[in-house]
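The values are calculated or read from the model by the stated rules, or taken from the named source; none is laboratory data. Predicted model, so just to flag it, every value in this text is computed and none were measured. FYI the Cβ positions are ideal-geometry reconstructions off the backbone, even for glycines, and counts take in every protein chain you see. Calculation scope for accessible area: heavy atoms of the full protein, side chains included, ligands and nucleic acids excluded. Shrake-Rupley method; radii C 1.70, N 1.55, O 1.52, S 1.80 Å.
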Amino acid sequence: MMTIPVLTIDGPSGAGKGTVSRAVAKQLGWHYLDSGSIYRSLAIAVLQQQTELSDVAAVVKVAEAMQLEFECGDELIVKLNGTDITAQLGTETTGNTASIIAAYPDVRQVLLQKQKDFKKLPGLVADGRDMGTVVFPDAASKVFLTASADERAKRRYKQLIEKGISANLDRITQEIEARDKRDQERKAAPLVAAKDALTIDSSNLNINQVIEAVLSLVR
Ligand code: DC
């Protein structure tokens, strides 16, 4: 049987995983899994259905029932139960809600197979928090991409302003720190570098330098 090559790129929010993963997937001609968008889609479903966030069983039910479709062109388009939710995916409310429900082991279990299904020839670039540790532990190439919280907050702020979404830098810094803490301290699949991952700190690197470092690891 032919092995399907997998490159995992894990790290905290705002480290540049999405941009780097998309560029690397494009260069290699591989598929791309933005696993955060699966947690974000569930967050949107839960908010839409006004499910109590602390009601784990109810959140699991929503996760089991949700139908997701991904259209990967230049921009990722996501449909939740047939409706395009792309515009809501990137909001801070969606991200923070995703981080809360992602701490539930039963929720992670339901979403596991949906992520594994992305592994197809000719290869996969998988971006998230636990790609190298839990979802694709056998991946041949693993990267842990990080940057200081201040730098990540600045990048996030810039992204939001560019999209025409109003933003407050201090609040974003606080939210990033709270999100890091929650993602790192949760018991189920916490944000941690896989033992065999190459750690890249992007605080003082430009995006092309990071892309090159990742590509040379794969090659
Ligand atoms: O990467 P992101 O910001 O889109 O992810 C949103 C949240 O989803 C993140 O704070 C934690 C959760 N998440 C996760 O627990 N595991 C993943 N593999 C990806 C995201």
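Is the shape of the stretch 75-219 best called rounded, prolate or oblate, per the rule: a/c under 1.5 gives rounded, else a/b larger than b/c gives prolate, else oblate, with a ≥ b ≥ c the square roots of the Cα gyration tensor eigenvalues?
Because its axes are fairly even, with a/c under 1.5, the stretch 75-219 counts as rounded.
For the chain, with every protein chain kept in place, what is the accessible area per residue (1.4 Å probe, Å²)?
51
Could you work out the local net charge near VAL143, counting Lys and Arg as +1, Asp and Glu as -1, over the other residues with Cβ closer than 11 Å to its Cβ?
Neighbour charge sum, excluding VAL143 itself: -1.
Between the DSSP loop rule and a limit of at most 11 other Cβ atoms within 10 Å, which GluC sites (Glu not before Pro) in the stretch 1-87 are left?
GLU52, GLU75
With every protein chain present, what accessible area does ASP150 have (1.4 Å probe, heavy atoms only), rounded to the nearest 10 Å²?
Answer for ASP150: close to 90 Å² accessible.
What is the magnitude of the charge dipole of the stretch 62-105 about its Cα centre, with +1 placed on the Cβ of each Lys and Arg, -1 on the Cβ of each Asp and Glu, and no other charges, expressed in debye to the nearest 20?
Value, rounded to 20: 200 debye.
With the radius of gyration and the Kirkwood radius both derived from the Cα set of the stretch 1-158, what is their ratio Rg to Rh?
So for the stretch 1-158, dividing Rg by the Kirkwood Rh gives 0.95.
Once the dipole of the stretch 42-183 is set up with Lys and Arg at +1 and Asp and Glu at -1 on Cβ about the Cα centre, which of TYR104, LEU121, GLY90 lies farthest towards its positive end?
Selected residue: LEU121.
How large is ³J(HN,Hα), in whole Hz, for each residue of the stretch 115-131 in order, when computed from phi with the Karplus curve 6.51 cos²θ - 1.76 cosθ + 1.60 and θ = phi - 60°, using x for Gly and Pro?
Karplus-based 3J(HN,Hα) across the stretch 115-131 equals 7, 4, 4, 6, 6, 9, 5, x, x, 9, 9, 10, 10, x, 10, 10, 5 Hz.
So what's the gap between the Cα centers of the stretch 183-219 and the stretch 1-72, to the nearest angstrom?
Rounded to whole Å, the Cα centres lie 17 Å apart.
Please state the relative contact order of the chain as a whole percent: Cα pairs under 8 Å, 6+ residues apart?
Once divided by the residue count of the chain, the mean separation gives 34 percent.
Of all accessible surface on the stretch 1-105 at a 1.4 Å probe, what whole percent is carbon and sulfur?
Carbon plus sulfur share of accessible area: 53 percent.
Here are some pairs, LYS116/LYS158; LYS26/LYS163; LYS116/LYS154; which of them have Cα atoms lying more than 29 Å apart in this structure?
Checking Cα-Cα distances, LYS116/LYS158; LYS116/LYS154 exceed 29 Å.
Out of residues 5 or more away from SER141 or on other chains, whose amide H comes under 5 Å of its own, with H placed 1.01 Å from N in the peptide plane?
Amide H to amide H, under 5 Å and 5 or more residues apart or across chains, SER141 pairs with VAL6, THR8.
Using amide H atoms built in the peptide plane, which far-off residues or other-chain residues are under 5 Å from THR199 H to H?
The answer is PHE144.
Could you give P(r) for the stretch 38-79, binned at 10 Å from zero, as whole percent values over all Cα-Cα pairs?
Result, from short to long distances: 28, 49, 19, 4 percent.
Please arrange SER54, SER203 by accessible surface area, largest first, computed with a 1.4 Å probe and ligands excluded.
Final ranking, largest accessible area leading: SER54, SER203.
Sort 80-90, 98-108 by packing, meaning the average of other beta carbons within 10 Å per residue, with the highest value first.
Listed from highest to lowest mean packing, they are 98-108, 80-90.
Whenever you get a sec, compute what percent of the accessible area on the stretch 135-196 sits on carbon and sulfur atoms (1.4 Å probe).
C and S fraction of accessible area: 49 percent.
Averaged across orientations, what area in nm² does the convex hull of the alpha carbons in the stretch 10-100 project?
6.1
Under 14 Å from the Cβ of GLU177, count the other residues' Cβ atoms, weight Lys and Arg +1, Asp and Glu -1, and hand me the total.
It works out to a net charge of -1.
If you take every DSSP beta bridge whose two residues both sit in the chain, what share of them, in percent to the nearest 5, is antiparallel?
The answer is about 30 percent antiparallel.
For LEU42, LEU198, write out the residues from largest to smallest accessible area, computed with a 1.4 angstrom probe and no ligands counted.
LEU198, LEU42
For the stretch 150-192, what size does the Cα cloud have along each of its three principal axes, sorted from largest down, in whole Å?
In descending order, the Cα extents are 36, 17, 15 Å.
Could you tally the net charge around TYR32, taking each other residue with its Cβ under 13 Å from the Cβ of TYR32, Lys/Arg +1 and Asp/Glu -1?
That works out to 0.
Only Lys, Arg, Asp and Glu count, each charged at its Cβ (+1, +1, -1, -1), so figure out the dipole size of the chain about its Cα centre, rounded to 20 debye.
Dipole size: approximately 260 debye.
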